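Reviewing the structure listed below.
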Amino acid sequence: MPNRLDDDEIDRRLPEGWERDGDEIVRVYPFDDYLDGVTFATRVGEVADEEFHHPEITIRYDEVEVRLTSHEAGGITDADIRLADLFEAER
């Protein structure tokens with residue numbers, strides 16, 4: 001099981017545009033077109049599946065919200081930060 005990161009480590013490593021919300025890290029990606037958001041969510045889902053670490057993804061008309069946490073560790077781990085970095089490359 002991955003080890004939960006402490007607050008200082010999370011603050012130091014959190015990718016730009018991501019915020020902490022309790023035991024999750026969150027980013028809202030804006031889009032001009034609904035289908036662009038759907039396409040992005042599909043790409044993010046494929047990356048997550050390859051990493052076997054699955055986020056909560058909410059698709060709205062003009063944005064996609066992504067939330068990451070490691071339930072088995074009870075908080076934010078290296079896996080969450082890594083996946084957030086990989087998602088940034090998809091944008």
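What follows draws every value from the coordinates through simple rules; no lab data is involved. Values in this document were obtained by computation on a predicted structure and should not be read as measured data. We place every Cβ from the backbone using ideal geometry, glycine too, and count neighbours over all the protein chains shown.
Quick notes on this structure:
- Low-density loop cleavage sites - chymotrypsin sites (Phe, Trp or Tyr not before Pro) in the chain, where at most 10 other Cβ are within 10 Å (DSSP): PHE52, TYR61
- Backbone geometry of segment 74-91 corresponds, through the Karplus equation with coefficients 6.51, -1.76 and 1.60 at θ = phi - 60°, to 3J(HN,Hα) couplings of x, x, 8, 10, 3, 4, 5, 5, 4, 5, 4, 4, 5, 5, 4, 5, 7, 6 Hz, x marking Gly and Pro.
- Relative contact order %, segment 7-90, counting alpha carbon pairs below 8 Å whose residues are six or more apart: 33 percent
- Charge dipole (debye, nearest 20) of the chain; +1 at Cβ of Lys and Arg, -1 at Cβ of Asp and Glu: 80 debye
- Between 0 and 90°, nearest 10: helix 34-51 axis offset from the chain longest Cα axis: 30 degrees
- Take the Cα of ARG60, step 7 Å toward its Cβ, do the same at ARG12, and the gap between the two points is 3.4 nm.
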